[in-house]
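Let me begin by presenting the structure, written as structure tokens, before commenting on it.
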Amino acid sequence: MSITEHLAKSLENLYRGEPWLGVTFTEQLSRVNAQQAIKTLDESNSIWQLVNHVIFWHQRVLRRIYNEPLEQDGDLPDFYMPENHGEENWQHTIHRLKHSFDLIATAIRNFPATEIYDTFPGTEHPAIYYLQGLAEHDAYHLGQITLLSKYA
């Protein structure tokens with residue numbers, strides 16, 4: 001298995017597979033409704049904000065892969081919380097999360113393994129820093145979502 005295949009599979013496992021940590025986004029979010037998704041604990045971000053944050057960073061890394069401007073018209077801000085807290089909007093956010101996992105896994109899978117240690121344009125870090133970091137980042141926030149869902 002190539003390094004890019006491994007990294008893509010790691011993200012797919014976090015979303016809906018069998019990750020080492022034993023919990024997935026799909027499993028956790030299937031138990032959360034819109035009203036639970038907006039709740040916070042003390043001054044924490046809500047589950048909804050964390051999901052949007054994960055989407056935000058998938059988008060950022062995709063743009064690094066394709067050497068596109070990081071910020072584009074129509075982008076939602078990091079940790080975005082919509083004004084509409086309805087169930088339909090929450091389900092739309094969950095759909096956007098699935099779509100972002102699909103897009104980033106495909107892009108990583110298609111990324112040339114020979115360039116994995118090359119520096120991304122406009123950064124001082126090699127591609128692997130972002131590609132592996134994304135899985136670490138997502139696992140961290142999945143842990144937060146798991147804890148918040150127990151208190152929601």
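Readers should treat all values here as calculations from the given coordinates under stated rules, not as data from a laboratory. No experiment lies behind these values; they were computed from the predicted model shown. As a convention, Cβ positions derive from the backbone with ideal geometry for all residues, glycine included, and neighbour counts pool all protein chains shown.
Go through the range 80-92 and give me each residue that's surrounded by 14 or more Cβ atoms within 10 Å (Cβ to Cβ) and either of a type in the set (Phe, Trp, Tyr) or assigned to a loop (DSSP other than H, G, I, E, B) (or both). Write out each step before concluding.
From the range 80-92, those surrounded by 14 or more Cβ atoms within 10 Å (Cβ to Cβ) are 80-82, 85, 89-90; that's our starting set.
Selection gives Tyr80, Met81, Pro82, His85, Trp90.
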**Fill in**
Across the range 24-36, the tally of residues that are touching a Ser or Thr at 6+ places or on another chain (Cβ under 6 Å) and either assigned to a helix (DSSP H, G or I) or within 10 Å of Ala135 (Cβ to Cβ) (or both) stands at 1
**Message:** Considering only residues that are among the polar types (S, T, N, Q) and part of a helix (DSSP H, G or I), which ones fall in the range 55-73?
**Reply:** Gln59
**Prompt:** Which one of the conditions (1) buried (at least 16 other Cβ atoms within 10 Å of the Cβ); (2) in a loop (DSSP other than H, G, I, E, B) does Leu76 fail to meet, given that it meets all the rest?
**Reply:** (1)
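Each row is one residue, and each column tells you yes or no for (1) without any contact (Cβ under 8 Å) to a residue 40 or more places away in the chain; (2) part of a helix (DSSP H, G or I); (3) under 15 Å from His141 (Cβ atoms).
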{"position": "Glu5", "(1), (2), (3)": "no, yes, no"}
{"position": "Ala8", "(1), (2), (3)": "no, yes, no"}
{"position": "Gly22", "(1), (2), (3)": "yes, no, no"}
{"position": "Glu43", "(1), (2), (3)": "yes, no, no"}
{"position": "His53", "(1), (2), (3)": "no, yes, yes"}
{"position": "Ile94", "(1), (2), (3)": "no, yes, yes"}
{"position": "Arg109", "(1), (2), (3)": "no, yes, no"}
**Message:** Quick check on this structure: which one of Ala152, Ala105, Ala135, Ala127 is touching a residue at least 60 places away in the same chain (Cβ under 8 Å), more than 20 Å from the chain's Cα centre (by Cα) and either more than 19 Å from Phe25 (Cβ to Cβ) or surrounded by 18 or more Cβ atoms within 10 Å (Cβ to Cβ) (or both)?
**Reply:** Ala152
**Asked** Only one of Thr24, Thr119, Thr93, Thr106 is touching a His at 6+ places or on another chain (Cβ under 9 Å) and hydroxyl-bearing (Ser, Thr, Tyr); which?
**Response** Thr119
